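Shown next, in structure tokens, is the structure this report addresses.
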Amino acid sequence: MTMFRFLGVLLGIAIRTGSPLSLNLAEPVWKQLAGMNLTIADLSEVDKDFIPGLMYIRDNEATAEEFEGMTLPLHSP
């Protein structure tokens, strides 16, 4: 929340002083700032590898043993 507050202050200063900002924020960030609900498509724009795992968790009920045995993809920096 502190970062959202900072962004709000930064945007407010830019508007009041007439100084344009070049902010390359992902669409979901702008939607959250506008108070709009996020969709699965919004999340996939940020991290396309996250959605299949999220959908699997939503659609399947894994036992504790199955959950422990699941492997997550490794992301290289």
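The values are calculated or read from the model by the stated rules, or taken from the named source; none is laboratory data. The structure presented is a predicted model; accordingly, all values stated were derived computationally and were not measured. No Cβ is skipped: glycine too gets one built from the backbone with ideal geometry, and neighbour counts run over all protein chains shown. Remember, those area values only see protein heavy atoms, side chains included, never the ligands or the DNA or RNA. Shrake-Rupley method; radii C 1.70, N 1.55, O 1.52, S 1.80 Å.
So the values come out like this:
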read-out: For the chain, calculated [θ]222 nm from helices alone, where every DSSP H run of n ≥ 4 adds -39500 (n - 2.57); value: -17000 deg cm²/dmol
read-out: Carbon/sulfur fraction of accessible area - the chain, other protein chains in place, 1.4 Å, %; value: 62 percent
read-out: Rounded tilt (10° steps) of 2-17 against the dominant C-alpha axis of the chain; value: 30 degrees
read-out: Identified option (computed Rg/Rh (Cα atoms, Kirkwood Rh); candidates [x] 1.16; [y] 1.02; [z] 0.96); value: [x]
read-out: Size of charge dipole - the chain - debye, nearest 20, with Cβ of Lys, Arg +1 and Asp, Glu -1, no other charges; value: 760 debye
read-out: Theoretical gain in end-to-end length, ILE15 to LEU33 [0.36 nm per residue, Cα-Cα removed]; value: 4.9 nm
read-out: Under the Karplus curve 6.51 cos²θ - 1.76 cosθ + 1.60, θ = phi - 60°, whole-Hz ³J(HN,Hα) for segment 36-41, x wherever Gly or Pro sits; value: 8, 6, 8, 10, 4, 4
read-out: Residue-span extension gain [ALA41 to GLU66] - 0.36 nm each, minus C-alpha spacing; value: 6.2 nm
read-out: Between 0 and 90°, nearest 10: helix 50-59 axis offset from the chain longest Cα axis; value: 50 degrees
